[in-house]
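In what follows, a single structure is set out as structure tokens and then discussed.
Every number in this text was worked out from the coordinates using simple rules, so none of it is lab data. As the structure is a computational prediction, the values presented were derived from the model and not from experiment. Neighbour counts run over all protein chains shown; Cβ positions are idealised from the backbone, glycine included.
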Amino acid sequence: MKTSVKQGDGFLGAMIPFNRSSLQGRELEYIFQTISIGQIAGDQTFSKRCHTLLEQTLGVQRALVTTSCTHALEMAALLLDLQPGDEVVVPSFTFVSIANAFVLRGARPVFCDVRPDTLNLDETKLEALITPRTKVIVPVHYAGVGCEMDAILEVAGRHGVPVVEDNAHGLFGKYKGRWLGTFGCLATQSFHETKNITCGEGGALLINNVRFAERAEVIREKGTNRSRFFRGQVDKYSWVDLGSSYVMSDVLAAFLFAQLEVWPVIQKDRQRIWQAYHEQLAGWCDTHQVRQPIVPPHCEQAWHMYYLLLPSLRARTALIAHLKARGILAVFHYLPLHLSDMGRRFGGREGDCPVTEDVSDRLLRLPFYNSLSRADQDQVIRAVLEFPG
């Protein structure tokens, strides 16, 4: 159902939202099943099905669903034994979770600028940021387009620094024919309501180095060896390590599995939406000096979002207002982390990440969700084409 908008908002009628969740298959059936058999806690039937599907599809050593992508990042920080004074290289143009997960362990984020084309971590700026205190590099596959992982891994390898991929946007995307999330020793996924595949709130930790697998289970289960107990490997479980409650309820896992099992259908629908925007807005973008997303030929994107880079902050603000007046909600994206109150506490200054500072003011995201109808998308496209610039 579309959101109703009051007259005082400048539009009277139903609004096309920026995002809307939808059922993709057997979500309600599976939720009923898990409740009926009394499996509403975590790591039961549907959690295990999610783990198996992700492991078999992506070819990762282990996949563990979590309560959020944020919590999967926190698990990564624990697994890599981050200590006070350690440094973690992260892009400034990203969500705050990527910094918080490591700051909570006492580490200091070191902010890297992004490439002007893909808006991914700029691998050419990476080496200059590495010091003897650097313990992790965390590239983010922005908009589901792969970072330049060959170059990032080469730099990381020479300095002996592990890589953790933040793949919140990139599930089922590829870089040079290889799944995103399979390059770093660890990777994290998001199943938040805005993602291609969702359960409202949720995430996953992908483990590509098997040496982390058993400890990850312990950390995820409040620092106990409870998983080994349920497998019959120990006769009781106890507190053996640091940890927290990162286990997803099987009710959410039931919803999630129903979406994961039809992931090719979801991706095909989103590809259609992305391509319609890209093709039908191309002429208008050329005329109005608006840049469309850039996807390098060696990347197979995950069809996560569609954004436009307007020529100025003023133009973006005007286009958002223009669309809102026509019942369409468009939004901007990240503010530079290095210029936030917390970022400045860690040494961030204006001019440190010029590309991030520039694109943050100009980027606009158009409505993009699995159930976006052709008629509604046509309405969005017409409204953009009517914008005089």
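Only Lys, Arg, Asp and Glu carry charge here, each on its Cβ (+1 for the first two, -1 for the last two); on that basis the chain has a dipole of about 480 debye about its Cα centre. Scanning residues 5 or more positions from residue 112 or on other chains, those with amide H under 5 Å from its amide H are 90, 92, with H placed 1.01 Å from N in the peptide plane.
Each peptide among 278-285, 108-115 gets the average number of other Cβ atoms lying within 10 Å of its residues, and from highest to lowest they stand as 108-115, 278-285.
For the pair residue 378/residue 125, report the inter-label distance in nm, with labels modelled 7 Å from Cα in the Cβ direction. Taking the simple label geometry, residue 378 and residue 125 are separated by 4.3 nm.
The Cα center of region 31-110 and the Cα center of region 181-242 differ in position by 7 Å.
Starting from 0.36 nm per residue, how many nanometres of slack lie between residue 52 and residue 271 once their C-alpha separation is accounted for?
On the way: separation 219, 0.36 × 219 = 78.84 nm, distance 2.55 nm.
Gain on extension, residue 52 to residue 271, equals 76.3 nm.
Projected onto its three principal axes, the C-alpha set of the chain covers 70, 54, 40 Å, listed from the longest axis down. Taking the fewest neighbouring Cβ atoms within 10 Å as the starting point, the ordered list for 37, 16 is 37, 16. Close Lys pairs in the chain (alpha-carbon distance under 22 Å; sequence gap of 8 or more, or different chains): 13. A dipole drawn for region 27-260 from +1 and -1 charges on Cβ atoms has a positive end, and of 234, 78, 142 the residue lying farthest that way is 234.
Model label sites at residue 28 and residue 214, defined 7 Å from Cα along the beta-carbon direction, differ in position by 4.5 nm.
Each 10 Å bin from zero up to the one holding the largest Cα-Cα distance in region 155-224 carries the following percent of pairs: 19, 42, 33, 7.
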